[in-house]
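Following: one structure in structure tokens, then a few remarks.
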Amino acid sequence: MQRIPVISNVWNYLSAPNLPATSLSISESHLSLITLRNRGREFEARNLGVLRLPAGLITASFTEANVADEAAMAELLKRTATQAKMSRLKALSATLPAGSARSLVIPLDSIPNSRTELLQMVEWKVERSIGHKFSDLRVSYKRLRDFNGRAQWIISAIHERVLEQYERIFKKIDWQVGLIVPRHVGEAQWLMRSKVEGDQVVVSLNNNGFDAVIIRGDEPILIREVTCAVEEREDEFYRLMIFYRDRLLPENSSTTISRMLILGNPAEQRSFHDVLASALEKNSIALNPQQLGLRVDPNAPFNHFAAAGGLATMAWG
């Protein structure tokens with residue numbers, strides 16, 4: 001059986017050495033580059049560039065190449081670096097568009113007796129959950145804390161066909177991208193760093209639905225990538241929060257979601273905050289960049305560079 005090619009221990013930044021403070025996020029509509037400077041308990045955007053992409057240049061897909069014109073994409077990446085005043089950019093990390101890579105939290109009914117048995121179970125779970133041959137994927141995995149006596153694992157997967165195209169484009173412009181992960185990994189880092197008591201959720205809205213990651217302490221307990229029409233997003237989010245309330249709260253505990261980061265426009269942020277309050281019958285704190293510890297111009301489009309910024313914080317563990 002093939003050995004799992006671990007992308008990185010991306011869900012535990014305390015053990016992720018020497019990651020760069022510069023990160024790129026790619027979506028269907030924008031490119032964003034950021035370099036962070038650490039200021040004690042806060043971060044400051046030292047360099048920042050956000051560039052809108054032509055419609056149709058990137059189409060998020062888990063199995064097919066995302067970029068319609070690789071040469072044009074390479075030029076736009078260089079233009080974003082110029083805007084961010086990163087003319088000598090070399091080493092960085094990157095997040096892919098929503099839908100181009102997947103993560104999931106899976107339970108294992110028993111603890112494997114050997115590494116070989118673990119790999120077999122992970123391979124079976126991945127193929128069953130994602131629906132693609134394990135040999136076609138680049139996979140990372142990590143054990144999480146047990147939940148109600150069951151072993152939990154976090155798995156991230158990127159299709160080789162998708163990853164190879166992005167790696168080819170980065171090579172054309174001589175960028176050394178050492179870590180490539182799903183978009184929600186970068187976004188969730190903002191909440192994982194805080195390690196507050198109580199659960200937190202980050203919801204990232206897009207035209208094809210939304211991604212949601214629920215964090216407990218410094219680990220994810222649920223990841224959902226929901227595909228639906230824009231007008232159905234609030235209903236789908238409400239159902240997801242009911243599932244969380246009924247299935248994911250610890251036994252005999254008052255734990256619930258206390259903080260919420262919504263990546264969308266102001267109207268969407270308000271409406272999703274109201275949906276959460278309705279589902280859980282409790283208000284939560286709606287987070288902004290300042291509350292996350294990021295010093296940045298209030299007019300900067302945080303929705304577009306939140307993933308890159310979160311990934312860049314991993315340079316400091």
Quiz item: Being assigned to a loop (DSSP other than H, G, I, E, B), of a type outside the set (Asp, Glu), out of contact with any helix residue (DSSP H, G or I) (no Cβ under 9 Å at 6 or more places or on another chain) and more than 18 Å from residue 181 (Cβ to Cβ), is that true of even one residue in segment 125-138?
Solution: yes
Quiz item: Out of segment 181-222, which residues are among the acidic types (Asp, Glu), in contact with a strand residue (DSSP E or B) (Cβ under 9 Å, 6 or more places away or on another chain) and assigned to a loop (DSSP other than H, G, I, E, B)?
Solution: 197
Exercise. Write out, first by first residue and then by second, each pair whose Cβ atoms fall under 6 Å of each other, whose residues are 6+ apart or on separate chains, and whose first residue, in segment 57-74, is under 20 Å from residue 172 (Cα atoms) while the second is crowded, with 20+ Cβ neighbours inside 10 Å and of a type outside the set (Val, Ile, Thr).
Key: 58/66; 66/100; 67/73
Practice problem: Tell me which residues, restricted to segment 167-195, are in contact with a helix residue (DSSP H, G or I) (Cβ under 6 Å, 6 or more places away or on another chain) and either closer than 16 Å to residue 80 by Cα or free of Cβ contacts under 8 Å to residues at least 12 places away in the same chain (or both). | Solution: 169, 172, 173, 177
Quiz item: For residue 118, which of the numbered conditions (1) surrounded by 14 or more Cβ atoms within 10 Å (Cβ to Cβ); (2) modelled with pLDDT of 90 or more fails to hold?
Solution: (2)
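Would it be correct to say that residue 262 is within 26 Å of residue 147 (Cβ to Cβ), part of a strand (DSSP E or B) and in contact with a Leu (Cβ under 7 Å, 6 or more places away or on another chain)? Talk me through it step by step, then tell me what you get.
On the way: within 26 Å of residue 147 (Cβ to Cβ): yes; part of a strand (DSSP E or B): yes; in contact with a Leu (Cβ under 7 Å, 6 or more places away or on another chain): no.
No: the conditions fail for residue 262.
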Self-check item: Single residue of 120, 152 found to be in a helix (DSSP H, G or I) and in contact (Cβ under 8 Å) with a residue 12 or more places away in the chain
Solution: 120
Quiz prompt | Test set (1) without any contact (Cβ under 8 Å) to a residue 60 or more places away in the chain; (2) in a helix (DSSP H, G or I) - residue 315 fails condition number | solution = (1)
Quiz item: Restricted to segment 77-105, and to residues that are surrounded by fewer than 18 Cβ atoms within 10 Å (Cβ to Cβ) and not in a loop (DSSP other than H, G, I, E, B), which residue is modelled with the lowest pLDDT?
Solution: 91
Quiz item: Just checking, how many residues over segment 145-169 are hydrophobic (A, V, I, L, M, F, W, C), more than 17 Å from the chain's Cα centre (by Cα) and over 13 Å from residue 66 (Cβ atoms)?
Solution: 2
Exercise. Taking the options 185, 126, name whichever one is of a type in the set (Val, Ile, Thr), closer than 22 Å to residue 73 by Cβ and buried (at least 17 other Cβ atoms within 10 Å of the Cβ).
Key: 185
Exercise. Please specify each residue of segment 188-203 satisfying the condition of being under 23 Å from residue 91 (Cβ atoms) and either buried (at least 21 other Cβ atoms within 10 Å of the Cβ) or touching a Lys or Arg at 6+ places or on another chain (Cβ under 9 Å) (or both).
Key: 188, 189, 190, 192
Quiz item: Do you know which of the residues in segment 129-151 that are surrounded by fewer than 18 Cβ atoms within 10 Å (Cβ to Cβ) and of a type in the set (S, T, N, Q) is nearest to residue 104 (Cα to Cα)?
Solution: 129
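The values are calculated or read from the model by the stated rules, or taken from the named source; none is laboratory data. Just so you know, these numbers come straight off a predicted model, no measurement behind them. No Cβ is skipped: glycine too gets one built from the backbone with ideal geometry, and neighbour counts run over all protein chains shown.
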